[in-house]
Amino acid sequence: MAEDARDGYAALGPVAEDTRGGYGARGPAYVPDPARTGDVTVARGEHTHGGPAARAPREVRRHSVRGQVLDALRTALVGGELVPGEVYSAPALAERFGVSATPVREAMQRLAVEGAVEVVLTPRELAELAEVRALIEVPVMLRLARTVPAERWAELRPLAEATAAAAARGDRAHYAETDRAFHRAVLSLAGNTQLLAVADDLHRRSQWPLISAPALRHGDLVADAAEHTALLAALIAQDLTVVQSLVREHFAGSDG
């Protein structure tokens, strides 16, 4: 489950069970801002909210806007105004509430943490995240390959093995956690806390599910995890060509 949302990330598809406040149905999906990807597309014949026929929740006052928007959204969830499986964008909801998009995004982020909504990506957004991650991490890993001694890389083997074990079980949630832990450990060797924070945020966002896409197959997950072990071997051998190739393929071809 995503803990935060950024502009341009679409949300659609199954979401987590939520029984808070009497709302027991699976919650709606959320699109923080579709501006970079054009009109929001909805799979399975669903439609977006915000057109002239949509029911508009009550307008909220300007003071304590974020809290009021959050309360109004929770009321709309309980009352069925926000329908499970539908797509909602921050700009469209903001217009309906009579506020700016910022407090709506913040409220939706809170609901995502609670499990009432889920953020998902479009294929284009996932590709963009992979490109940015490669621009940041490939040069760093190449520099580390030249400078970090082999024994330091060997210390990371348990982390790579943990990702492989999670993948073998088909445990996507634990795999996502161990995958991030492995990448954090590698990048921490650069000694740059700002780099680590940015890279980890991009990594977490890249693990959000895709719109209308099936879950990663078990064999793909296992193959993705195996790339961690191969990367460590290349880093130990200081094989820069293989390091660069593995990192780029890892970003482009999987959730890792």
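The values are calculated or read from the model by the stated rules, or taken from the named source; none is laboratory data. All figures in this text were calculated on a predicted structure; none of them were measured in a lab. Ideal geometry is used to build each Cβ from the backbone, glycine not excepted, and the neighbour counts take in all protein chains shown. These accessible areas exclude ligands, DNA and RNA; they are computed on the full protein's heavy atoms, side chains included. Shrake-Rupley method; radii C 1.70, N 1.55, O 1.52, S 1.80 Å.
Some notes on this structure:
- Backbone HN-Hα couplings from phi across region 96-106 [Karplus 6.51/-1.76/1.60, Hz, Gly and Pro as x]: 5, 7, x, 10, 6, 6, 4, x, 5, 4, 5
- In terms of packing, defined here as the mean over residues of other Cβ atoms within 10 angstrom, the peptides 110-119, 171-180 line up highest first as 110-119, 171-180.
- Residues whose amide H lies under 5 Å from that of residue 119, counting only those 5 or more places away or on a different chain, are 2; hydrogens are built 1.01 Å from N in the peptide plane.
- Contact order relative to length of region 92-225, as percent, for alpha carbon pairs under 8 angstrom and 6 or more apart: 32 percent
- In nm, spacing of pseudo-spin labels at residue 181 and residue 201 (7 Å Cα→C-beta vector): 2.4 nm
- Among 122, 241, 102, the order of accessible area from largest down is 241, 102, 122, computed with a 1.4 Å probe on protein heavy atoms.
- Each residue of region 80-93 was assigned a 3J(HN,Hα) from its phi angle through the Karplus curve 6.51 cos²θ - 1.76 cosθ + 1.60 (θ = phi - 60°); the sequence is x, 5, 9, 8, x, x, 7, 10, 10, 9, 4, x, 5, 5 Hz, with glycine and proline shown as x.
- Distance in nm between pseudo-label sites at residue 252 and residue 71 (7 Å out along the Cβ direction from Cα): 5.2 nm
- Given their separation in residues at 0.36 nm each and the Cα-Cα distance between them, residue 242 and residue 229 gain 3.4 nm when the chain is fully extended.
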